[in-house]
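J.: Pasting in a structure now, in structure tokens, and then I'll have a few things to ask.
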Amino acid sequence: MTAPRLSLATLDRLPPDVARPRYDVASQKLGIVHLGIGAFNRAHQAVYVDDRLAAGERDWAILGASLRSPDTRDALAPQNGLYTVLVRSGEADRPRVIGSVRHLLVAPENPDALLAAMSDPNVRVVSLTVTEKGYCHDPASGELREDHPDIIRDLASPNRPLSAPALLVEALRRRREAGVPSFTVLCCDNLPANGKTVRRVVTRFAQLRDPDLGRFVGNEVAFPSTMVDRIVPATTDADRAFVTERLGLTDAWPVSTEPFSQWVIEDNFPAGRPRLEEAGAQLVADVAPYETMKLRLLNGAHSTLAYLGYLAGHETISDAMAQPAFARLARGLMDEEVTPTLSVPPGGDLAGYKNQLLSRFENTALRHRTWQIAMDGSQKLPQRLLNTARDRLRQGAPIDRIALGVAGWMRYVVGNDEKGQSIDVRDPLSERLRALADAAGPDAARLTPALLGVREVFGDDLPGEPRFVAAVRGALDQLFTKGAARAVEDVAREPETVK
């Protein structure tokens, strides 16, 4: 027999020990529109907002919009937007029902409804988790890609936008025309200086529509930077079954996550904001040191473990970390190659942060798949590994572990693993990357310059840097000739065994 569906009407059926909204969910008005209502947002920002609604703040409920697929709307709309966050650790699994997401839309189905919500004077924040590729920008330069198909389409039909930059610009234009103050644009994606980057991208799109509109967006709209951190694996059928058994209700799309959560936010909200600091967020004047630490330590190590771990046959990050050589690689990358490039924020405990990261990677309850983390690598490499490499090269310092991570990405996008099995490479440049790999063949001397020529990833500087080229080519040769497990062993040898 199928359990009843989670909804406002069935909340009172929850077991007493399952956390749930202790406020009047239905009476909350919208204060936030969120573009990209995926698993991460629901396990992170929406939880902070739920905490503030539970504390008595009113009218900060979220309208979540999907920019592509209707799957999230289809799963959560019958549940009145309710869903379960399942916090998993080695000690216990704790479910909590979240009520802060009140409405759901799918932008391509009804862009007018989404624009109407974004134009509502009560909406004071528009936040985003659309992934790096959702900004239609060049990851190497941070500039809008004016030749991007989505941008070309939206410039041709500006009143029916579909991309994130175009939606923001059209909503801001409508508010300006109606005399409604601008909302704050709050990017929560892993972009370097994400507020400044999104300001640049959105302002350029507005300039292309109308120079006066571009000046308005660039000068009058707030784009605070943020740093977000919580590991959120893709939901599995086992997660759904566990939640259904635990709640006694069916939740079509719960999200699982770890106990740790961090949100660092530049405090620049002219139109107002929830008191997120009272929910554990850090409101600061400068996000940059936190962001750089996270992108280079957590995300850089995560991507390195993902590519090399996948190639070595490890399904999850915790599986890879169970191998001593992979654990040493992650530690060595953090300590030897990333740490010398960082400026630690005042009062920061860098050693403690790194130890915490490694413990989080080892959390076997999460089962964060290497394949999931490996997605969209062409968008992620610049901020996760390549900017660190640039700093190390300027310092005249070695980049052995960084080079192995970059080579791991190159070997991965070839499209077949070490057993000859096909890899489902999910990347906006996947077809182009595969064509380059097929033309070069499994030859590091040919494949390295071919992929380094993808300037959207590597820019114009790194392909001309002999130390970088040689290090990556050497690492890629090791991956082709020895395989990932052996290559990791060689780079991550215990200090006493190095000759």
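The values are calculated or read from the model by the stated rules, or taken from the named source; none is laboratory data. All values reported here derive from a predicted model rather than from experimental measurement. Cβ atoms come from the backbone with ideal geometry, glycine included; neighbour counts cover every protein chain shown.
J.: Working only within the range 333-350, note down all residues that are farther than 16 Å from Tyr290 by Cβ and either within 24 Å of the chain's Cα centre (by Cα) or not in a helix (DSSP H, G or I) (or both).
T.: So the first thing to find is which residues in the range 333-350 are farther than 16 Å from Tyr290 by Cβ, and the list is 333, 335-337, 340.
Of everything in the range 333-350, those that are farther than 16 Å from Tyr290 by Cβ and either within 24 Å of the chain's Cα centre (by Cα) or not in a helix (DSSP H, G or I) (or both) turn out to be Leu333, Asp335, Glu337.
J.: Just to check your reading of the model, which residue among Ala471, Ala492, Ala475 is under 23 Å from Arg392 (Cα atoms), in contact (Cβ under 8 Å) with a residue 60 or more places away in the chain and touching a Lys or Arg at 6+ places or on another chain (Cβ under 6 Å)?
T.: Ala492
J.: When the residues of the range 194-223 are filtered to those that are among the small types (Gly, Ala, Ser) and buried (at least 19 other Cβ atoms within 10 Å of the Cβ), which remaining residue is farthest from the chain's Cα centre (by Cα)?
T.: Ala206
J.: Select from the range 359-371 the residues that are surrounded by 15 or more Cβ atoms within 10 Å (Cβ to Cβ), out of contact with any strand residue (DSSP E or B) (no Cβ under 9 Å at 6 or more places or on another chain) and part of a helix (DSSP H, G or I) and list them in ascending order. I'd like the intermediate steps shown before the answer.
T.: Filtering the range 359-371 for residues surrounded by 15 or more Cβ atoms within 10 Å (Cβ to Cβ) gives 360-363, 365-371.
Then drop every residue that is not out of contact with any strand residue (DSSP E or B) (no Cβ under 9 Å at 6 or more places or on another chain), which leaves 360-362, 371.
Arg360, Phe361, Trp371, listed by residue number.
J.: Where the second residue is of a type in the set (Lys, Arg) and part of a loop (DSSP other than H, G, I, E, B) and the first is over 16 Å from Phe216 (Cβ atoms) and touching a residue at least 24 places away in the same chain (Cβ under 8 Å) and lies in the range 160-185, which pairs have Cβ atoms under 6 Å and are six or more apart or on separate chains?
T.: none
J.: Can we say Asp147 is in a loop (DSSP other than H, G, I, E, B) and more than 25 Å from the chain's Cα centre (by Cα)?
T.: No.
J.: Can you tell me which residues in the range 27-60 are over 15 Å from Val85 (Cβ atoms) and touching a strand residue (DSSP E or B) at 6+ places or on another chain (Cβ under 8 Å)?
T.: Filtering the range 27-60 down to residues over 15 Å from Val85 (Cβ atoms) leaves 27-36, 52, 55-60.
Residues satisfying the conditions are Gln28, Lys29, Leu30, Gly31, Ile32, Val33, His34, Leu35, Gly36, Asp59, Trp60.
J.: Criterion first (within 22 Å of Ile402 (Cβ to Cβ) and among the small types (Gly, Ala, Ser)) does Ser318 satisfy it?
T.: When the stated conditions are applied, Ser318 does not pass them.
J.: Restricting attention to the range 116-141, report how many residues are within 23 Å of Asp267 (Cα to Cα) and either assigned to a strand (DSSP E or B) or of a type in the set (Gly, Ala, Ser) (or both).
T.: Of the residues in that region, 5 qualify.
J.: So, one more: Among (1) out of contact with any helix residue (DSSP H, G or I) (no Cβ under 6 Å at 6 or more places or on another chain); (2) of a type in the set (Ser, Thr, Tyr); (3) in contact (Cβ under 8 Å) with a residue 24 or more places away in the chain; (4) surrounded by fewer than 23 Cβ atoms within 10 Å (Cβ to Cβ), where does Thr316 come up short?
T.: Every listed condition holds for Thr316 apart from (4).
J.: Does Leu104 count as within 30 Å of Ser7 (Cα to Cα) and either surrounded by fewer than 19 Cβ atoms within 10 Å (Cβ to Cβ) or in contact with a Lys or Arg (Cβ under 7 Å, 6 or more places away or on another chain) (or both)?
T.: It is true that Leu104 is within 30 Å of Ser7 (Cα to Cα) and either surrounded by fewer than 19 Cβ atoms within 10 Å (Cβ to Cβ) or in contact with a Lys or Arg (Cβ under 7 Å, 6 or more places away or on another chain) (or both).
J.: Looking at this structure, is Ser141 among the small types (Gly, Ala, Ser) and touching a strand residue (DSSP E or B) at 6+ places or on another chain (Cβ under 9 Å)? Before the answer, list the steps.
T.: Details: among the small types (Gly, Ala, Ser): yes; touching a strand residue (DSSP E or B) at 6+ places or on another chain (Cβ under 9 Å): no.
No; evaluated as a whole, the condition is false for this residue.
J.: For the range 233-290, give me the residue count where each residue is out of contact with any Lys or Arg (no Cβ under 8 Å at 6 or more places or on another chain), in contact (Cβ under 8 Å) with a residue 60 or more places away in the chain and in a helix (DSSP H, G or I).
T.: Of the residues in that region, 8 qualify.
J.: Taking the condition of being over 15 Å from Leu479 (Cα atoms), touching a residue at least 24 places away in the same chain (Cβ under 8 Å) and part of a loop (DSSP other than H, G, I, E, B), how many residues in the range 426-459 meet it?
T.: So the answer is 6.
J.: From the set of residues in the range 113-162 that are modelled with pLDDT under 95, surrounded by 17 or more Cβ atoms within 10 Å (Cβ to Cβ) and small (Gly, Ala, Ser), which is nearest to His34 (Cα to Cα)?
T.: Among them, the one singled out is Gly142.
J.: Right, another one. Identify, by number, the condition in (1) of a type in the set (A, V, I, L, M); (2) in contact with a Ser or Thr (Cβ under 9 Å, 6 or more places away or on another chain); (3) farther than 28 Å from Gly142 by Cα that Leu433 doesn't meet.
T.: With respect to (1) of a type in the set (A, V, I, L, M); (2) in contact with a Ser or Thr (Cβ under 9 Å, 6 or more places away or on another chain); (3) farther than 28 Å from Gly142 by Cα, Leu433 is out only on (3).
J.: Here are some residues: Leu305, Leu298. Which one is part of a helix (DSSP H, G or I), buried (at least 19 other Cβ atoms within 10 Å of the Cβ) and in contact with an Asp or Glu (Cβ under 9 Å, 6 or more places away or on another chain)?
T.: Leu298
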